[in-house]
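Shown next, in structure tokens, is the structure this report addresses.
The values are calculated or read from the model by the stated rules, or taken from the named source; none is laboratory data. Keep in mind that what you see is a predicted model, and the values were worked out from it rather than measured. When we count neighbours, we look across all protein chains shown, and the Cβ atoms used for this are built from the backbone with ideal geometry, even at glycine. In case anyone asks, the SASA skips ligands and DNA or RNA and just uses the protein heavy atoms, side chains included. Shrake-Rupley method; radii C 1.70, N 1.55, O 1.52, S 1.80 Å.
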Amino acid sequence: MVNVGIYGATGRVGKLLIEDLGPEETLKLSAVYVRNSLEASLPEGTLVTNDVEAFVAASDIIIDFSLPEAAQPLLETLLKTPKPLVSGTTGLNVHQLNLLKELSGVAPVLYATNMSLGVALLNKLVNLASKTLDGFDIEIVEMHHRHKKDAPSGTALTLAESAAAGRELDLDKVRVSGRNGNIGERTGDEIAVMALRGGDIVGRHTVGFYNDGEFIELNHTATSRNTFSKGAIRAAKWLHTQPSGLYSIADCLGL
Ligand SMILES: NC(=O)C1=CN([C@@H]2O[C@H](COP(=O)(O)OP(=O)(O)OC[C@H]3O[C@@H](n4cnc5c(N)ncnc54)[C@H](OP(=O)(O)O)[C@@H]3O)[C@@H](O)[C@H]2O)C=CC1
Ligand SMILES: O=C(O)C1=N[C@H](C(=O)O)C[C@H](O)C1
């Protein structure tokens with residue numbers, strides 16, 4: 001049995017991870033990091049703690065769906081006590097991403113801004129479309145529930161990276177994430193990433209390629225948040241047998 005620790009256990013995804021781990025035959029929930037309180041039924045013997053070191057010590061592998069300010073102390077602790085990590089937390093800053101990379105030097109780390117199979121394939125399709133549809137304008141729109149804190153979504157930024165890579169562009173130089181006022185005509189290379197927020201939308205991403213006379217739009221819609229929790233569990237089952245390194249969800253799925 002592989003002991004799994006859930007970080008962000010009180011969150012929307014964290015609670016589903018607890019439920020979805022239940023029927024797993026090779027993984028067992030061993031620890032949850034909880035700042036205040038958690039209303040959930042847990043397997044007997046599960047450690048419930050707000051001590052990150054004790055949480056890490058009780059886990060063979062950790063799944064993190066929290067927030068950037070929470071992920072940082074977890075990463076700092078893991079650098080002292082390396083353990084495999086599946087992280088789905090988005091909005092990480094450069095420093096936090098560097099901590100993740102540093103950890104991957106001493107433990108297997110899978111970082112994915114979206115744990116779904118559909119988005120893993122969408123990234124491949126976007127890269128191909130970006131290469132093939134030379135001269136088409138690329139615009140990305142993401143829609144999420146009203147509670148989401150980071151924008152644009154991690155998935156939209158990863159899709160933009162896939163599109164930029166298809167044209168050998170540096171995303172930091174070509175990304176536009178808002179338009180307002182007399183901004184002039186659209187430039188050829190820009191890749192727009194726009195965020196909409198409302199209601200209970202689980203997650204919807206559209207990557208459009210627009211030209212004179214035709215356009216194509218590639219869309220993925222997550223209709224259930226369990227897509228992410230189940231995807232992260234699939235990733236954990238795969239990751240715990242891998243050597244140290246930084247992996248993507250595409251590596252796990254063999255795409
Ligand atoms: N990669 C993927 O497939 C997906 C990624 N995500 C990402 O996962 C993350 C979580 O999403 P979601 O579950 O909706 O978010 P929630 O806001 O529902 O949950 C956030 C969790 O983080 C905890 N947390 C917040 N601040 C701290 C802190 N300072 N220290 C310790 N714990 C803290 C919260 O605990 P508390 O209750 O104590 O506040 C809670 O458990 C987000 O970054 C989201 O973008 C979401 C869906 C899919
Ligand atoms: O916060 C969410 O809900 C989601 N966040 C991820 C992101 O930022 O891309 C993935 C998913 O779309 C849901």
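State yes or no: is ASN211 touching a Gly at 6+ places or on another chain (Cβ under 7 Å) and in contact (Cβ under 8 Å) with a residue 40 or more places away in the chain? Explain how you work it out, then say what you get.
Working: touching a Gly at 6+ places or on another chain (Cβ under 7 Å): yes; in contact (Cβ under 8 Å) with a residue 40 or more places away in the chain: yes.
It is true that ASN211 is touching a Gly at 6+ places or on another chain (Cβ under 7 Å) and in contact (Cβ under 8 Å) with a residue 40 or more places away in the chain.
Among residues belonging to the range 1-37 that are out of contact with any His (no Cβ under 6 Å at 6 or more places or on another chain), among the β-branched types (Val, Ile, Thr) and more than 15 Å from ligand 1 (Cβ to nearest atom), point out the one that is least open to solvent (accessible area, probe 1.4 Å).
Looking at the filtered set, the residue picked out is VAL4.
Please specify each residue of the range 197-255 satisfying the condition of being acidic (Asp, Glu) and surrounded by fewer than 16 Cβ atoms within 10 Å (Cβ to Cβ).
The answer is ASP200, ASP212, GLU214, GLU217.
Being assigned to a loop (DSSP other than H, G, I, E, B) and either more than 19 Å from SER162 (Cα to Cα) or more than 9 Å from ligand 2 (Cβ to nearest atom) (or both) is the filter here, so list the residues in the range 136-151 that pass it.
PHE136, HIS145, ARG146, HIS147, LYS148, LYS149, ASP150
Residues of the range 153-177 being open to solvent by 20 Å² or more (accessible area, probe 1.4 Å) and either at positive phi or within 14 Å of ligand 1 (Cβ to nearest atom) (or both), which ones?
Across the range 153-177, the qualifying residues are LEU157, THR158, GLU168.
Mind checking whether some residue in the range 44-63 is under 22 Å from LYS148 (Cα atoms) and open to solvent by less than 50 Å² (accessible area, probe 1.4 Å)? Walk me through how you get there before you give the answer.
Filtering the range 44-63 down to residues under 22 Å from LYS148 (Cα atoms) leaves 63.
If we keep only those that are open to solvent by less than 50 Å² (accessible area, probe 1.4 Å) as well, we get 63.
Yes, there is a match, as at least one residue in the range 44-63 is under 22 Å from LYS148 (Cα atoms) and open to solvent by less than 50 Å² (accessible area, probe 1.4 Å).
For the condition within 16 Å of ligand 2 (Cβ to nearest atom), over 19 Å from ILE249 (Cα atoms) and surrounded by fewer than 17 Cβ atoms within 10 Å (Cβ to Cβ), what is the one hit in LEU79, LEU67, LEU121?
The unique qualifying residue is LEU67.
Condition (residue is in contact with a helix residue (DSSP H, G or I) (Cβ under 6 Å, 6 or more places away or on another chain), closer than 24 Å to MET115 by Cα and among the hydroxyl-bearing types (Ser, Thr, Tyr)) applied to the range 156-178: is it met by at least one residue?
Within the range 156-178, one or more residues are in contact with a helix residue (DSSP H, G or I) (Cβ under 6 Å, 6 or more places away or on another chain), closer than 24 Å to MET115 by Cα and among the hydroxyl-bearing types (Ser, Thr, Tyr).
Select from the range 128-152 the residues that are loosely packed, with under 14 Cβ neighbours inside 10 Å and within 16 Å of ligand 1 (Cβ to nearest atom) and write down the one among them that is farthest from SER87 (Cα to Cα).
Looking at residues that are loosely packed, with under 14 Cβ neighbours inside 10 Å and within 16 Å of ligand 1 (Cβ to nearest atom), I get ARG146.
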